[in-house]
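The values are calculated or read from the model by the stated rules, or taken from the named source; none is laboratory data. Owing to the predicted nature of the structure, the values given are computational and were not obtained by experimental measurement. FYI the Cβ positions are ideal-geometry reconstructions off the backbone, even for glycines, and counts take in every protein chain you see.
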Amino acid sequence: MTFRWDQPMPPEMETPEPPSVWVFVLLYLVTEGSAMFLTLSSWPKGEPVASQKFMLDAVVAPLLVWLGISIALYQAMYGLLIYRVPSF
């Protein structure tokens, strides 16, 4: 059994550039702005803003929504291309 020392090397797969960070910053600002608008427009008049419900509605929930959308967007734009098997 002989071994060939000059095996043909397949070309490396070009990895695309990941999405710009500005896409995610803009997405966060839109998500946070819309959540803040919805929370403030539906907030009762006599209730204080410094409450746990306000923080959950205006800060925590939009952050989790933004995180989920960002992960899905990253996977759709970049992540699935890494695991593609090139055909020779």
Report summary line: If we keep only residues of the range 41-88 that are hydroxyl-bearing (Ser, Thr, Tyr) and over 20 Å from Val25 (Cα atoms), then the residue modelled with the lowest pLDDT is Ser87
Query - Scope the range 24-69; condition touching a Phe, Trp or Tyr at 6+ places or on another chain (Cβ under 6 Å) and hydroxyl-bearing (Ser, Thr, Tyr); matching residues - result: Tyr28, Thr31
Query raised in the report: Got a number for residues in the range 11-33 being in contact with a helix residue (DSSP H, G or I) (Cβ under 7 Å, 6 or more places away or on another chain) and either within 24 Å of Val65 (Cα to Cα) or of a type in the set (Lys, Arg) (or both)?
Result: 7
Query - Residues (exposed (fewer than 11 other Cβ atoms within 10 Å of the Cβ) and among the aliphatic types (A, V, I, L, M)) located in the range 14-32 - result: Val21, Val25
Query raised in the report: Which of the residues belonging to the range 1-13 are among the hydrophobic types (A, V, I, L, M, F, W, C) and exposed (fewer than 10 other Cβ atoms within 10 Å of the Cβ)?
Result: Met1, Phe3, Trp5, Met9
Requested in this report: List the number of the failed condition for Phe37; all other conditions in (1) under 30 Å from Gln75 (Cα atoms); (2) at pLDDT below 90 hold.
Outcome: (2)
Query raised in the report: Quick one: would you say Ala35 is touching a Leu at 6+ places or on another chain (Cβ under 8 Å) and surrounded by 10 or more Cβ atoms within 10 Å (Cβ to Cβ)?
Result: no
**Report entry** Count of residues meeting criterion [over 27 Å from the mean Cα position of the chain (by Cα) and either over 25 Å from Gly68 (Cα atoms) or of a type outside the set (Gly, Ala, Ser) (or both)] in the range 34-50
**Finding:** 8
